[in-house]
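Take a look at the structure set out below.
The values are calculated or read from the model by the stated rules, or taken from the named source; none is laboratory data. Model, not experiment: these values are computed from the prediction. Because the Cβ atoms are built from the backbone with ideal geometry, glycine has one as well, and the counts that use them run over all protein chains shown.
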(Lines give C-alpha, C1' and ligand atoms only; values in the text may rest on other atoms or scores of the structure.)
Protein backbone atom coordinates (compact mmCIF):
# COMPACT_ATOMS: atom_id res chain seq x y z
CA UNK A 1 0.00 0.00 0.00
CA UNK A 2 1.16 3.57 -0.66
CA UNK A 3 -0.46 6.95 0.00
CA UNK A 4 -1.39 9.16 -2.96
CA UNK A 5 -1.69 12.87 -2.16
CA UNK A 6 -3.77 15.35 -4.10
CA UNK A 7 -1.71 18.22 -5.52
CA UNK A 8 -2.24 21.66 -4.05
CA UNK A 9 -0.74 25.13 -4.26
CA UNK A 10 1.10 26.67 -1.30
CA UNK A 11 3.08 29.88 -0.84
CA UNK A 12 6.67 31.10 -0.61
CA UNK A 13 8.00 32.63 2.62
CA UNK A 14 11.08 34.78 2.11
CA UNK A 15 13.18 36.98 4.40
CA UNK A 16 14.14 40.16 2.57
CA UNK A 17 17.56 41.79 2.75
CA UNK A 18 18.31 45.13 4.41
CA UNK A 19 19.00 46.56 0.96
CA UNK A 20 15.52 45.61 -0.23
CA UNK A 21 13.80 46.82 2.93
CA UNK A 22 15.60 50.17 2.82
CA UNK A 23 14.44 50.61 -0.77
CA UNK A 24 10.86 49.74 0.16
CA UNK A 25 10.90 52.18 3.06
CA UNK A 26 11.95 54.87 0.59
CA UNK A 27 8.92 53.94 -1.54
CA UNK A 28 6.71 54.30 1.53
CA UNK A 29 8.07 57.79 2.22
CA UNK A 30 7.30 58.74 -1.39
CA UNK A 31 3.82 57.14 -1.42
CA UNK A 32 1.26 58.72 -3.72
CA UNK A 33 -2.55 58.78 -3.72
CA UNK A 34 -4.84 57.01 -1.31
CA UNK A 35 -6.10 53.68 -2.64
CA UNK A 36 -8.67 52.59 -0.02
CA UNK A 37 -11.54 52.68 -2.54
CA UNK A 38 -9.76 50.03 -4.64
CA UNK A 39 -9.07 47.63 -1.76
CA UNK A 40 -11.06 45.28 0.49
CA UNK A 41 -9.41 46.35 3.73
CA UNK A 42 -11.38 47.96 6.54
CA UNK A 43 -8.31 50.15 6.97
CA UNK A 44 -8.16 53.94 7.14
CA UNK A 45 -4.82 54.50 5.44
CA UNK A 46 -3.74 52.71 2.26
CA UNK A 47 -1.59 54.40 -0.40
CA UNK A 48 -0.25 53.56 -3.85
CA UNK A 49 3.49 52.97 -4.23
CA UNK A 50 5.76 53.35 -7.25
CA UNK A 51 8.49 50.81 -8.01
CA UNK A 52 11.07 53.16 -9.49
CA UNK A 53 12.81 51.64 -12.54
CA UNK A 54 11.09 48.30 -11.78
CA UNK A 55 13.84 47.74 -9.22
CA UNK A 56 11.83 45.64 -6.73
CA UNK A 57 10.11 43.70 -9.50
CA UNK A 58 13.42 42.72 -11.10
CA UNK A 59 15.40 42.27 -7.88
CA UNK A 60 12.87 40.30 -5.83
CA UNK A 61 9.67 39.36 -7.64
CA UNK A 62 11.12 37.83 -10.82
CA UNK A 63 13.35 35.35 -8.91
CA UNK A 64 10.45 34.55 -6.57
CA UNK A 65 8.15 33.74 -9.51
CA UNK A 66 10.77 31.26 -10.75
CA UNK A 67 11.06 29.72 -7.28
CA UNK A 68 7.27 29.48 -6.92
CA UNK A 69 7.00 27.62 -10.21
CA UNK A 70 9.66 25.13 -9.10
CA UNK A 71 7.43 24.00 -6.26
CA UNK A 72 3.88 24.59 -7.53
CA UNK A 73 2.57 24.03 -11.03
CA UNK A 74 2.28 27.31 -12.93
CA UNK A 75 -0.75 25.94 -14.78
CA UNK A 76 -2.75 26.48 -11.61
CA UNK A 77 -1.87 30.18 -11.63
CA UNK A 78 -1.28 31.37 -15.20
CA UNK A 79 -4.44 31.48 -17.38
CA UNK A 80 -4.48 28.68 -19.96
CA UNK A 81 -6.27 30.85 -22.53
CA UNK A 82 -3.20 32.95 -23.32
CA UNK A 83 -1.71 32.16 -26.73
CA UNK A 84 1.41 34.31 -26.42
CA UNK A 85 4.30 34.23 -23.98
CA UNK A 86 3.33 37.39 -22.17
CA UNK A 87 5.63 39.22 -19.79
CA UNK A 88 4.90 39.54 -16.09
CA UNK A 89 4.47 43.08 -14.74
CA UNK A 90 3.88 44.59 -11.30
CA UNK A 91 0.42 46.02 -11.84
CA UNK A 92 -0.73 47.20 -8.41
CA UNK A 93 1.55 48.13 -5.50
CA UNK A 94 0.45 49.66 -2.19
CA UNK A 95 1.14 50.14 1.52
CA UNK A 96 -1.30 49.63 4.41
CA UNK A 97 -1.05 51.44 7.73
CA UNK A 98 -3.28 49.17 9.80
CA UNK A 99 -4.39 50.81 13.04
CA UNK A 100 -5.43 48.98 16.19
CA UNK A 101 -8.76 47.13 15.64
CA UNK A 102 -8.65 47.55 11.84
CA UNK A 103 -8.78 44.42 9.71
CA UNK A 104 -8.84 42.98 6.20
CA UNK A 105 -11.88 40.75 5.51
CA UNK A 106 -11.84 37.56 3.47
CA UNK A 107 -10.87 38.38 -0.11
CA UNK A 108 -8.59 37.52 -2.99
CA UNK A 109 -6.62 39.62 -5.45
CA UNK A 110 -6.56 39.97 -9.22
CA UNK A 111 -3.72 38.96 -11.52
CA UNK A 112 -1.52 35.84 -11.31
CA UNK A 113 0.63 36.34 -8.21
CA UNK A 114 0.34 38.49 -5.08
CA UNK A 115 2.47 39.19 -2.05
CA UNK A 116 2.46 40.78 1.37
CA UNK A 117 5.56 42.16 3.11
CA UNK A 118 5.52 42.78 6.84
CA UNK A 119 7.35 46.07 7.43
CA UNK A 120 6.29 46.77 11.03
CA UNK A 121 4.53 44.36 13.42
CA UNK A 122 3.98 46.19 16.72
CA UNK A 123 2.24 43.39 18.59
CA UNK A 124 2.71 39.66 19.31
CA UNK A 125 0.28 36.83 18.64
CA UNK A 126 1.64 34.90 21.62
CA UNK A 127 0.71 37.79 23.91
CA UNK A 128 -2.60 38.61 22.24
CA UNK A 129 -3.85 35.01 22.41
CA UNK A 130 -3.89 35.46 26.23
CA UNK A 131 -6.44 38.29 26.06
CA UNK A 132 -9.52 37.44 28.18
CA UNK A 133 -11.87 37.31 25.18
CA UNK A 134 -9.43 35.15 23.18
CA UNK A 135 -7.72 32.64 25.45
CA UNK A 136 -10.74 30.35 25.95
CA UNK A 137 -11.57 30.22 22.22
CA UNK A 138 -10.86 27.12 20.14
CA UNK A 139 -9.98 29.41 17.21
CA UNK A 140 -7.55 32.00 18.53
CA UNK A 141 -6.96 34.49 15.71
CA UNK A 142 -5.76 37.93 16.87
CA UNK A 143 -2.77 39.47 15.09
CA UNK A 144 -2.83 36.84 12.35
CA UNK A 145 -2.74 36.52 8.57
CA UNK A 146 -4.74 33.54 7.32
CA UNK A 147 -5.15 31.60 4.06
CA UNK A 148 -8.38 29.70 3.38
CA UNK A 149 -8.70 26.82 0.89
CA UNK A 150 -10.92 23.85 0.01
CA UNK A 151 -9.52 20.36 0.55
CA UNK A 152 -10.25 17.24 -1.55
CA UNK A 153 -13.33 16.47 0.58
CA UNK A 154 -14.82 19.94 0.10
CA UNK A 155 -13.95 21.13 3.60
CA UNK A 156 -12.95 24.75 4.14
CA UNK A 157 -9.47 24.69 5.73
CA UNK A 158 -7.32 27.47 7.11
CA UNK A 159 -3.59 28.03 7.33
CA UNK A 160 -2.78 30.66 9.94
CA UNK A 161 0.37 32.77 9.89
CA UNK A 162 0.69 34.05 13.46
CA UNK A 163 2.32 37.47 13.43
CA UNK A 164 5.28 38.24 15.67
CA UNK A 165 7.76 41.15 15.51
CA UNK A 166 10.32 38.60 14.28
CA UNK A 167 8.30 38.35 11.03
CA UNK A 168 9.19 41.90 10.07
CA UNK A 169 11.07 42.05 6.73
CA UNK A 170 9.34 38.82 5.61
CA UNK A 171 7.45 38.42 2.33
CA UNK A 172 4.69 35.89 1.66
CA UNK A 173 4.23 35.23 -2.06
CA UNK A 174 1.12 33.38 -3.29
CA UNK A 175 -1.35 32.89 -6.13
CA UNK A 176 -3.54 35.98 -6.50
CA UNK A 177 -6.83 34.09 -6.30
CA UNK A 178 -5.81 32.45 -2.99
CA UNK A 179 -8.42 33.55 -0.42
CA UNK A 180 -6.96 35.21 2.66
CA UNK A 181 -7.76 37.64 5.48
CA UNK A 182 -5.96 39.65 8.14
CA UNK A 183 -7.15 39.83 11.75
CA UNK A 184 -6.73 42.95 13.90
CA UNK A 185 -4.20 43.56 16.65
CA UNK A 186 -5.34 44.80 20.07
CA UNK A 187 -2.45 45.34 22.49
CA UNK A 188 -0.49 48.01 20.64
CA UNK A 189 -1.67 51.46 19.59
CA UNK A 190 1.03 51.58 16.89
CA UNK A 191 0.32 50.85 13.23
CA UNK A 192 0.99 47.51 11.63
CA UNK A 193 2.63 48.43 8.31
CA UNK A 194 2.53 46.08 5.33
CA UNK A 195 3.19 46.32 1.61
CA UNK A 196 1.21 44.34 -0.96
CA UNK A 197 1.07 44.04 -4.71
CA UNK A 198 -0.21 42.05 -7.68
CA UNK A 199 1.72 40.60 -10.61
CA UNK A 200 -0.12 40.42 -13.93
CA UNK A 201 0.57 39.07 -17.38
CA UNK A 202 0.65 41.92 -19.89
CA UNK A 203 -0.74 40.83 -23.30
CA UNK A 204 0.84 43.94 -24.85
CA UNK A 205 4.33 42.64 -24.00
CA UNK A 206 5.68 39.29 -25.19
CA UNK A 207 8.95 37.55 -24.43
CA UNK A 208 10.09 38.29 -27.97
CA UNK A 209 9.74 42.07 -27.57
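See the values below:
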| item | result |
| --- | --- |
| Enumeration of residues in region 1-18 that are in contact with a strand residue (DSSP E or B) (Cβ under 7 Å, 6 or more places away or on another chain), within 30 Å of residue 52 (Cα to Cα) and in a loop (DSSP other than H, G, I, E, B) | 11, 16 |
| Search result, residues across region 109-131 that are modelled with pLDDT under 95 and surrounded by fewer than 15 Cβ atoms within 10 Å (Cβ to Cβ) | 110 |
| Check on residue 87, at pLDDT below 95 and in contact with a strand residue (DSSP E or B) (Cβ under 7 Å, 6 or more places away or on another chain) | yes |
| Residue in region 133-140 that is surrounded by fewer than 18 Cβ atoms within 10 Å (Cβ to Cβ) and under 30 Å from residue 60 (Cβ atoms) present | no |
| Residue selected from region 49-62 under the condition surrounded by 15 or more Cβ atoms within 10 Å (Cβ to Cβ) and not in a helix (DSSP H, G or I), by the criterion farthest from the chain's Cα centre (by Cα) | 51 |
| Single condition residue 67 does not satisfy, out of (1) in a helix (DSSP H, G or I); (2) in contact with a strand residue (DSSP E or B) (Cβ under 8 Å, 6 or more places away or on another chain); (3) at pLDDT 95 or above; (4) surrounded by fewer than 17 Cβ atoms within 10 Å (Cβ to Cβ) | (3) |
| Selection within region 19-44 - surrounded by 15 or more Cβ atoms within 10 Å (Cβ to Cβ), assigned to a helix (DSSP H, G or I) and touching a helix residue (DSSP H, G or I) at 6+ places or on another chain (Cβ under 9 Å) | 20, 23, 24, 27 |
